[in-house]
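Asker: Next up is a structure, given as C-alpha cells.
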Amino acid sequence: MDLGPHAVFIWASYAAVTVTIGGLIAWIVYDGANQRAALAELEDRGVRRRGGKPTGTSL
Amino acid sequence: MQSWTQRLANPTRFMQVSGTLLPWVAAAAAALIAYGLYLVFFVAPPDYQQGETVKIMYIHVPSAWLALMTYGLIAISSFGLLVFRHPLADVSAKAAAPIGAAFTLLALITGSLWGKPMWGTYWVWDARLTSVLILFFLYLGLMALRSSLDDEGTAAKLTAVLALVGTAILPIIKFSVEWWNTLHQPSTNFTSTVDPSMRWPLLIMAVGFTLLFIAMHLAAMRNEVLRRRVKALRLQEAASRDGLPAHASAAE
Amino acid sequence: MTAFFALIKRDLRLAFREGGALGTALGFFVVVVALMPLGLGPDLKLLSRIASGVLWIALLLSALLSLGRMFETDYEDGSLDVLATGAVPLELVAAAKSIAHWLSTGIPLAVLAPILGILLNLDLAAFPMLVAAMLIGTPAVSFLGAVGAALTLKARRGGLLLALIVLPLYIPTLIFGISALSAALGPDAAGGSASSLMILTAISLVAAVLGPVAAAAALRIQLH
Amino acid sequence: MQIIAENLAIDRGGRTVIDGLSFTVPSGETLVLSGSNGAGKTTLLRAVAAFLPLTRGSIRLEDGDGEKSLSEQAHVVGHANAAKANLTVAENLAFWSRFLASKPPSGGRVAAALEHFGLAGLADFPVAFLSAGQRRRAGLARLLAVDRPIWLLDEPTASLDAASSDLLSRAVNLHTHAGGIAIVATHLPLALDRARELNLDKLRHAA
C-alpha cells in the first residue's frame, strides 16, 4: 500500500485523529468511573437521594 | 417533537434509555469506521491531482462537519434550556462543548496537514479554514465562560446566552470572511467536486464519525448526570451534618 | 423615555468625572499603535500599508478595556438591582449603557485614530474615510461589548474572558472597517468604500438589536 | 392593594431554600421576615421583586397599578446603597427619581427625604466624602424621594446606629400609615407598628 511522497502527512493526520479521539474516549470512560465510584461511596455512607427515604439523622 | 423530548426529560428515564442505546451506537460507529478505513486505504482510488493525500479528506470533512453540527446541537440545547427550561438541555450543551472543540481542532490540524502538500504551507487563510478557526474561538469562549463561574445554574444559562449570540453572529462572520477572502485572494477551490468513486467511502466515514460523536455525547451526558447527582448528595449531606443547635438547622 | 436618557446622562457624567476609563483606553490606544513600528520595523511603505489594520485592531482592544466596568460598578454598589426595577426594561438599560460607552469611549478613540495614523505614515487621503468607518463601526463595539460585559459580570478573570468572548464577535466590524479604507485608497474609491460602509452600518444596526437583547437576558440571569 | 403569595417554592444554588410558603400582605401593613441566615430571607425578597424565578407557586399584586409590574412599583433596598461616589447626594436622588419614576424629580419630595434622613446639609456633597452611616442614609433617602407603594428592604439597618435606625422605622411607619406595603428582612427588632412577623426557620420546620 504505497501512500506516495506525502505519506507522512497522511499518517500524521490519522495519528492526530486517533490520539485526540482516543484521548477523549479515555477521559469519558475515566470520568464515568470516577462518578460511579463517588456515587457508590456516598450510598455506602447512607446518603440517599431526596426521592429515596430521608436520611435517618435529622439533626 | 415536544412529547419525545418531554418523555426523555426526566434524568432517570434518560439514563435507562441511553444505557441501552449506548453500546449499540458505539458498536455501529466502530463497525462503520473500520469499514470506512478499509475502503479508504484499500479500495478508494487516488485523486488524479493530489494523489494519495486525498485520503486526508476522509477524516477532515467529517471532523469539520461535526465541528459545525455540534455547535448547532449546543445552540438547540441552549434554546431548550432558556425557553423550555428542559432539565437535560444544559447537560447536553455542557457535554457537547469539549467534544465539538476537539473535532474543530481536528478539522484545523487535518486541514493544515492537507494544505502542506497541496499549497506548500501549513496554513492558508482560506475562507472555510478561517471560519473553522473562528468557530474554534467560539467554542473556547463557551468553555472559558462556563469554567470561570462558580454557580452552576448561572453558568449554564449564561453559556446558553453566549451560544445563541454566537449562533446569531456566525453567519455574519461567515459572510464577512468569505467577502474578505475574495477581496485578498483568488478563491482556492478546497475540494474539487468529489469524484463519485470517493463519495461512498466519504459517506461511510461521515456517518461513522457522526455515530461516534453520538456515542461520546451520550456517554458524556451520562457522566454529567451522575456528577450532578453526586453534587446534590454532597450538598444534602452537608446540610444534614450542620452542627448548629437543633431548631436552627435545616431538617430535611 | 426620560429614564433612558437620564441613564445615558448619568453614565456620561460619571465617565467624564472619573475620566479614568477614558484615559486608560486612549493611553492604551497610543501605546499599542506606537509599538507596531518598533516591532515591525520603521519601513514607511510597509507601515502605510498596514496602518488601517493596526489602527482598527488597536481601537478594538482599547475599547475592550473599558467594557468590563460597564455593569460591574453598578453591580458592586447595588445599583443594578434598582436599575432592574426601573420604568424601562433591562434591554433599554443595556442599550443606554452601550450608547454611553460609545459616546464616552468609541468616539474619542475614532477621533484620535487619524492622529496616530500619522505615526504609521497613513495616506492623508484616507483620514476622512478612517474616521467615518470608525464612527460607523464603533457602535457595534459597544453594543456587542455590552453582551460580554453582562456575561462576565461575576466571572473570575473577567477581563481576559471578556476579550476571548467578544473579539470573535468584532470580526465582521474589523473586516468591513478595513475594507472601507482599502477601497477608499483603491481605484474605484467612491463605489468600493460605499458598499463597505453600508455593510458596516448594517452590522452596527444588527449589534444595536442583538446586543441589548442578549445583554438584558444575561443581566436577568445575573440577578438570580 | 395587597401582595398575595401562594404555595411558594424557590430553589437557589441547587438547594430548595423555600418550600410551601404562602402569605398575604395587605396595604398599610409591614411583614417582618426573621430567621437565621440561610433561612431564605434574601431569597424571598428577591423573589417578590421578580429577580428570582419561582420553582412553584405564584406571587401577585392585587389591585395595584394595572399596567406596571410588581417590581416597577417596588423599592428594593439591599446591603449596598446604590449611590455613586462621584455624584452628590442630590444628584443621586435626582437620577433615581428620573429613572424610577420616569419624570423629573419633584424638589419637594427630594428635600423632604433629605430632611427626614438628616442629610439636608450634605445635599451637595459627593457621596465619596460621606461616612458609611451617612452613605447608608443617602441610599435609604431614595425610599422617600421616589413614591412607590411597595418597599422591599433587606437588612436595611446594616451600618446604621440606633438614631438612624429610628429614622428608618419612622419612615416605614409613615409609609404604611399612608397605605403602603413593606416587607423587611432584619435581625434587629425595629419599632414598626402594624407589623406581622414571619419566621422562615419555624416555617421550614413545619414543612
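Asker: Show that you can apply the helix-only estimate: for chain C, add -39,500 (n - 2.57) for every DSSP H stretch of four or more residues, divide by all residues, and state [θ] at 222 nm to the nearest 500. Don't jump to the answer; show the numbers that get you there.
Answerer: On the way: 10 runs with 187 residues, N = 224.
So the helix-based figure for chain C works out to -28500 deg cm²/dmol.
Asker: OK, next. No solvent, one uniform scatterer per C-alpha: report log10 I(q)/I(0) for the protein assembly as shown via the Debye equation at q = 0.05, 0.06, 0.07, 0.08 1/Å, two decimals.
Answerer: -0.33, -0.47, -0.63, -0.80
Asker: Which value, in nm² and rounded to one decimal, describes the direction-averaged projected area of the C-alpha convex hull of the range C:2-223? Mind dumping the intermediate values first?
Answerer: Working: hull surface 47.8 nm².
For the range C:2-223, averaging the hull's shadow over all directions gives 11.9 nm².
Asker: Given points 7 Å out from each Cα along the Cα-Cβ axis, report the C:ILE118 to C:ALA202 separation in nanometres with one decimal.
Answerer: Simple spin-label model gives 3.7 nm for this pair.
Asker: While we're on this one: About its Cα centre, how strong a charge dipole does the range B:4-251 have in debye, to the nearest 20, once Lys and Arg get +1 and Asp and Glu get -1 at the Cβ?
Answerer: Working: 18 positive and 12 negative charges, 131 e Å.
Magnitude of the dipole: close to 620 debye.
Asker: Work out the P(r) tail for chain D: percent of alpha carbon pairs separated by more than 20 Å, whole number. Before the final figure, lay out the partial values.
Answerer: Working: 12064 of 21321 pairs.
Percentage above 20 Å: 57.
Asker: Summarise the long-distance tail of P(r) for the range D:136-207 by giving the % of C-alpha pairs beyond 15 Å. Walk me through the intermediate numbers first.
Answerer: Values: 1409 of 2556 pairs.
Across the range D:136-207, Cα pairs with separations above 15 Å total 55 percent.
Asker: Still on this structure, please answer the following. Using the crude model of +1 on Lys and Arg Cβ and -1 on Asp and Glu Cβ, and no other charge, please compute the dipole size for the protein assembly as shown relative to its Cα centre, in debye to 20. Spell out each step's value before the answer.
Answerer: Working: 57 positive and 49 negative charges, 189 e Å.
Using Cβ point charges on Lys, Arg, Asp and Glu, the protein assembly as shown gives about 900 debye.
Asker: Hey, for a label at A:THR20 modelled as a point 7 Å past Cα toward Cβ, could you say which residues of the range B:78-117 have their backbone N under 11 Å away?
Answerer: Once the point is set 7 Å along Cα→Cβ of A:THR20, B:99-113 turn out to lie under 11 Å by backbone N, inside the range B:78-117.
Asker: A follow-up question, please. Relative contact order of the range C:1-160: what whole-number percent is it, with Cα pairs under 8 angstrom and at least 6 residues apart? Don't skip to the answer; put the middle values down first.
Answerer: Working: 160 pairs, mean separation 56.8, N = 160.
It rounds to 36 percent for the range C:1-160.
Asker: Say R0 is 56 Å: what FRET efficiency, to the nearest 0.05, do C:ILE107 and D:ASN37 get from their beta-carbon distance?
Answerer: Values: r = 47 Å, r/R0 = 0.84.
In this case the efficiency is close to 0.75.
Asker: Taking each residue of A:15-25 in turn, how many C-beta atoms of other protein chains fall within 10 Å of its C-beta, and what is the average? Before the final figure, lay out each step's value.
Answerer: Values: counts 2, 9, 11, 1, 1, 6, 11, 0, 1, 8, 5.
Per residue, the average neighbour count from other chains is 5.
Asker: Let me know the mean shielding of B:225-238 by other chains, meaning the per-residue number of their Cβ atoms within 10 Å of its Cβ.
Answerer: On the way: counts 1, 7, 6, 2, 5, 9, 2, 6, 11, 3, 3, 9, 5, 1.
Shielding by partners across B:225-238 averages 5.
Asker: Work out the FRET efficiency for D:THR55 and B:ARG241 from their Cβ-Cβ distance, taking R0 = 30 Å, and round it to the nearest 0.05.
Answerer: On the way: r = 25 Å, r/R0 = 0.82.
After rounding to 0.05, the efficiency reads 0.75.
Asker: Helix D:132-145 sits at what angle to the longest principal axis of chain D, using alpha carbons and giving 0 to 90 degrees rounded to 10?
Answerer: 80
Asker: I've got another one for you. Across every pair of different alpha-carbon atoms, what Kirkwood hydrodynamic radius in Å does the range B:49-170 reach? Please report the intermediate quantities before stating the final value.
Answerer: Numbers: mean 1/r = 0.0658 Å⁻¹.
Evaluated on the range B:49-170, it is 15.2 Å.
Asker: OK, next. Report, to the nearest 10°, how far helix C:90-101 tilts away from the longest principal axis of the Cα atoms in chain C, using its own Cα long axis and a range of 0 to 90°.
Answerer: Roughly 40 degrees, rounded to the nearest 10.
Asker: What GluC sites (Glu not before Pro) in the range D:45-140 are in a loop by DSSP, with at most 16 other Cβ atoms within 10 Å of the Cβ?
Answerer: Numbers: sites: D:GLU62, D:GLU67, D:GLU72, D:GLU91, D:GLU115; in loops: D:GLU67.
Answer by residue number: D:GLU67.
Asker: Distance cut-off 22 Å, Cα to Cα: go down the list D:LYS68/D:LYS202; B:LYS55/B:LYS174; B:LYS157/D:LYS68; B:LYS174/C:LYS154; B:LYS116/B:LYS174; B:LYS55/B:LYS116 and report the pairs above it.
Answerer: Details: D:LYS68/D:LYS202 34 Å; B:LYS55/B:LYS174 27 Å; B:LYS157/D:LYS68 27 Å; B:LYS174/C:LYS154 31 Å; B:LYS116/B:LYS174 24 Å; B:LYS55/B:LYS116 14 Å.
Among D:LYS68/D:LYS202; B:LYS55/B:LYS174; B:LYS157/D:LYS68; B:LYS174/C:LYS154; B:LYS116/B:LYS174; B:LYS55/B:LYS116, the Cα-Cα distance tops 22 Å for D:LYS68/D:LYS202; B:LYS55/B:LYS174; B:LYS157/D:LYS68; B:LYS174/C:LYS154; B:LYS116/B:LYS174.
Asker: How long are the three semi-axes of the equivalent ellipsoid of the range D:79-124, in whole Å, if each is the root of 5 times an eigenvalue of the C-alpha gyration tensor, listed from largest down? Intermediate results must be reported in sequence, preceding the final value.
Answerer: Numbers: eigenvalues 47, 41, 18 Å².
The equivalent ellipsoid of the range D:79-124 has semi-axes of 15, 14, 10 Å.
Asker: Place the peptides D:46-53, C:173-180 in order of packing, highest mean first, counting for every residue the other Cβ atoms within 10 Å and averaging per peptide. It would help to have the intermediate numbers written out before the result.
Answerer: Details: D:46-53: 20.1, C:173-180: 25.6.
Highest-to-lowest ranking by the protection proxy: C:173-180, D:46-53.
Asker: As a test of the definition: which semi-axes, in Å, follow for chain B when you take the square root of five times each eigenvalue of its alpha carbon gyration tensor? Largest first, please. Intermediate results must be reported in sequence, preceding the final value.
Answerer: Working: eigenvalues 343, 104, 43 Å².
One finds semi-axes of 41, 23, 15 Å for chain B.
Asker: Follow-up question, since we're still on this one. Quick check: from the Cα gyration tensor, does the range D:87-207 come out rounded (a/c under 1.5), prolate or oblate?
Answerer: Numbers: a/c = 2.16, a/b = 1.65, b/c = 1.31.
Taking the square roots of the gyration eigenvalues as a ≥ b ≥ c, the range D:87-207 is prolate.
Asker: Helix-derived [θ] at 222 nm for chain D: sum -39500 (n - 2.57) over DSSP H runs of at least 4, divide by residue count, nearest 500?
Answerer: Working: 6 runs with 68 residues, N = 207.
Result for chain D: -10000 deg cm²/dmol, rounded to the nearest 500.
Asker: Over the whole of D:12-25, what's the average partner chain Cβ count within 10 Å per residue? Rounded to a whole number, please.
Answerer: Working: counts 3, 7, 8, 6, 3, 1, 0, 1, 0, 0, 0, 0, 0, 0.
That works out to 2 on average.
Asker: With a Förster radius of 30 Å, plug the Cβ-Cβ distance of B:ARG85 and D:SER69 into 1/(1 + (r/R0)^6) and report the FRET value to the nearest 0.05. Show your work: numbers first, answer last.
Answerer: Values: r = 20 Å, r/R0 = 0.68.
The value I calculate is 0.90.
Asker: Once each part is reduced to its C-alpha centroid, what is the distance from the range C:5-33 to the range D:118-180 in angstrom?
Answerer: 31
Asker: Just to confirm the number: angle between the C-alpha axis of helix C:107-119 and the first principal axis of chain C, 0 to 90 degrees, nearest 10?
Answerer: 20
Asker: When the Karplus curve 6.51 cos²θ - 1.76 cosθ + 1.60 is applied with θ = phi - 60°, which whole-Hz ³J(HN,Hα) does each residue of the range C:123-138 get, with x for Gly and Pro?
Answerer: Per-residue couplings from phi come out as 4, 4, 4, 8, 4, x, 5, 4, 5, 4, 4, 5, 5, 6, x, 5 Hz.
Bear in mind that the values in this text are calculations on the coordinates, not laboratory data. On a predicted model such as this, the values are computed, not experimentally measured, just so you know. Cβ atoms come from the backbone with ideal geometry, glycine included; neighbour counts cover every protein chain shown.
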